[in-house]
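So the structure is just underneath, and the comments pick up after that.
The values are calculated or read from the model by the stated rules, or taken from the named source; none is laboratory data. Every value quoted in this text rests on a predicted model; they were computed, and no experiment measured them. Reconstructed Cβ throughout: ideal geometry from the backbone, glycine too, with neighbour counts over all protein chains shown.
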Amino acid sequence: MSVNKDIRRITTNTLQEMKHRGEPISMLTSYDYSMAHLVDGAGIDVILVGDSASNVMAGHETTLPITLEQMIYHAQGVVRAAQRCLVVVDLPFGSYQGNSKEALNSAIRIMKESGAHAVKMEGGEEIRESIQRILTAGIPVMGHLGLTPQSIYKFGTYQVRAKEEAEAARLLKDARLLDECGCFAIVLEKIPATLAAQVTKAVEVPTIGIGAGADVDGQVLVVNDMLGYTQDFSPRFLRRYMNAGEQITQAVKQYIIDVKSRDFPSDKEQY
Ligand code: KIV
């Protein structure tokens, strides 16, 4: 893939400037070259190679099974396509929670083998040492608080987090900690909008919400969900911008009809 030198790359500094200007940050997931080419070409600020690939690409029930090797494979395709946006890659479950040396090795593998620009990690105080070690190596880290899907078996449900005072206070403390550690942004997933607004005011770095209301510095959605490519997932926070699932089914049905009726290929579609 050739690099277009006329396009100015979005960096972690750009995101910080956008927060200061009050310009909302747009972020979507992508997991392969073709989708990332479209998403980047449309002008997105950040592509997240999310471990939601475990759900939407591999069909697992949770994000837990996806491996570091699989995340690197997805990230490589996305990085080849992305000319302008910042590419952030999720550190998958089991690649950073155990000890900080292993966390650093995982982050280095992602950066070296995929060419991505940053990593994302779920959690606060409990993974502080890993975050600090990765940051010390010069690798930008995006935090992720609230509903953290890698801990789904601890939570037990995908319901809104931090509705109770104690959990909200812990989340605010964790957000301040990630800010002070030097994370360049924090994803806030499925928490009350008032709490997300409070966190956004309390930290210097941009907050990116998913199901966290409007008073954050940016928004992120899973691209397959917002395009209606996935159809069995309809949380309140999800806005669908097209119904790709229906359109694809119709197109495939028409193709089958055309093949069975020998309408395809026509004289013009052969050599
Ligand atoms: O993996 C993912 O897609 C995510 C977003 C939901 C923020 O972490």
- prompt: Does region 160-173 contain any residue that is surrounded by fewer than 23 Cβ atoms within 10 Å (Cβ to Cβ) and more than 24 Å from residue 197 (Cα to Cα)?
  reply: no
- request: Being at pLDDT 95 or above, under 22 Å from residue 45 (Cα atoms), within 13 Å of the ligand (Cβ to nearest atom) and buried (at least 21 other Cβ atoms within 10 Å of the Cβ) narrows it down to one of 203, 222, so name that one.
  value: 222
field: The lone exception for residue 248 - which of (1) within 15 Å of the ligand (Cβ to nearest atom); (2) surrounded by fewer than 19 Cβ atoms within 10 Å (Cβ to Cβ); (3) among the hydrophobic types (A, V, I, L, M, F, W, C) it fails
entry: (1)
query: Can you name every residue in region 135-162 that is free of Cβ contacts under 8 Å to residues at least 24 places away in the same chain and within 28 Å of residue 87 (Cβ to Cβ)?
result: 136, 138
query: Which one of 53, 58 is surrounded by 17 or more Cβ atoms within 10 Å (Cβ to Cβ) and farther than 24 Å from residue 136 by Cβ?
result: 53
message: Whether any residue in region 15-33 is among the polar types (S, T, N, Q), at pLDDT 95 or above, buried (at least 20 other Cβ atoms within 10 Å of the Cβ) and in contact with a Ser or Thr (Cβ under 8 Å, 6 or more places away or on another chain) is what I want to check.
response: yes
task: Report yes if residue 165 is more than 14 Å from the ligand (Cβ to nearest atom), farther than 26 Å from residue 119 by Cβ, without any contact (Cβ under 8 Å) to a residue 12 or more places away in the chain and among the acidic types (Asp, Glu), otherwise no.
output: yes
Checklist (1) touching a residue at least 12 places away in the same chain (Cβ under 8 Å); (2) in contact with a helix residue (DSSP H, G or I) (Cβ under 7 Å, 6 or more places away or on another chain); (3) within 14 Å of the ligand (Cβ to nearest atom) applied to residue 106, failing item: (3)
query: Looking at region 61-87, which of its residues are surrounded by 19 or more Cβ atoms within 10 Å (Cβ to Cβ) and either in contact (Cβ under 8 Å) with a residue 60 or more places away in the chain or touching a Cys at 6+ places or on another chain (Cβ under 7 Å) (or both)?
result: 63, 81, 85, 86
task: Specify the residue that is nearest to the ligand (Cβ to nearest atom); the eligible residues are those in region 138-162 that are over 16 Å from the mean Cα position of the chain (by Cα) and of a type in the set (S, T, N, Q).
output: 151
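Matching residues to (1) in contact (Cβ under 8 Å) with a residue 40 or more places away in the chain; (2) of a type in the set (Phe, Trp, Tyr); (3) in contact with a strand residue (DSSP E or B) (Cβ under 6 Å, 6 or more places away or on another chain):
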{"position": "174", "(1), (2), (3)": "yes, no, yes"}
{"position": "192", "(1), (2), (3)": "no, no, no"}
{"position": "195", "(1), (2), (3)": "no, no, no"}
{"position": "198", "(1), (2), (3)": "no, no, no"}
{"position": "216", "(1), (2), (3)": "no, no, yes"}
message: If a residue must be within 29 Å of residue 56 (Cα to Cα), in a loop (DSSP other than H, G, I, E, B) and either of a type outside the set (A, V, I, L, M) or within 16 Å of the ligand (Cβ to nearest atom) (or both), how many such residues does region 3-31 contain?
response: 5
